[in-house]
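Below: one structure, written as structure tokens.
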Amino acid sequence: QVHLVESGGGLVQPGGSLRLSCAASGSSFTISDMAWYRQAPGKQRESVATFTSGGSTNYADFVKGRFTISRDNAKGTVYLQMNSLKPEDTAVYYCNVAGFYGNGRTKYTYWGQGTQVTVSS
């Protein structure tokens with residue numbers, strides 16, 4: 001079992017910044033892809049940014065140029081630096097970590113508990 005702990009959410013004014021962190025822990029688990037999703041009230045969960053095991057990053061159009069995903073493989077941690085925040089960025093943000101146990105070929109996916117980001121004046 002992999003345990004994910006998120007931190008860094010909060011209340012920020014429009015134009016402000018926040019940095020989210022998500023630390024993964026679990027024995028015999030090799031992390032491959034790491035990602036951030038978000039879910040606003042009354043809306044479906046949507047992908048925000050991904051960071052693949054190969055080093056590629058992808059961003060949703062609505063955050064390009066404002067958000068940056070990064071990862072520290074040694075710490076099993078993924079980050080989301082959010083700049084120029086807008087009220088429409090208000091949502092619960094979830095980290096998503098995928099990987100493998102031992103030499104297995106089955107990819108397992110785990111979700112963080114979610115952290116609230118509220119952008120309001």
Considering the convex hull of the alpha carbon atoms of the chain, report its projected area averaged over all viewing directions, in nm², one decimal. 7.3 nm²
Might you work out the accessible area of Asp33 for me, using a 1.4 Å probe with all protein chains in place, and round it to the nearest 10 Å²? 50 Å²
Surrounding charge for Arg66, neighbours by C-beta under 12 angstrom, Lys/Arg +1, Asp/Glu -1, total -1
Please calculate how many Å² of accessible area the chain carries per residue, with a 1.4 Å probe and no DNA, RNA or ligand atoms counted. 54 Å²
Taking θ as phi - 60°, what are the ³J(HN,Hα) couplings along the range 15-21 by the Karplus curve (6.51, -1.76, 1.60), each to the nearest whole Hz, with x for Gly and Pro? x, x, 10, 9, 10, 9, 10
Residues with beta-carbon under 14 Å from that of Lys43, excluding Lys43: net charge, scoring Lys, Arg +1 and Asp, Glu -1? -1
Each label point is 7 Å from the Cα along the Cα-to-Cβ direction; what then is the distance between the points at Arg105 and Asp72, in nm? 3.5 nm
Set Lys64/Lys86; Lys75/Lys107; Lys86/Lys107; Lys43/Lys75 screened for pairs whose C-alpha atoms are more than 23 Å apart: Lys86/Lys107; Lys43/Lys75
At the level of C-alpha centres, the distance separating the range 2-20 and the range 63-121, in angstrom, is 10 Å
Round to a whole number: what % of the accessible area of the range 21-121 belongs to carbon and sulfur, probe 1.4 Å? 45 percent
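The values are calculated or read from the model by the stated rules, or taken from the named source; none is laboratory data. Predicted model only: the values in this text are computed from it and were never measured. Here the Cβ is made from the backbone with ideal geometry for all residues, glycine too, and neighbour counts use every protein chain on show. To get the accessible areas, we keep the full protein, side chains included, count just its heavy atoms, and leave off ligands, DNA and RNA. Shrake-Rupley method; radii C 1.70, N 1.55, O 1.52, S 1.80 Å.
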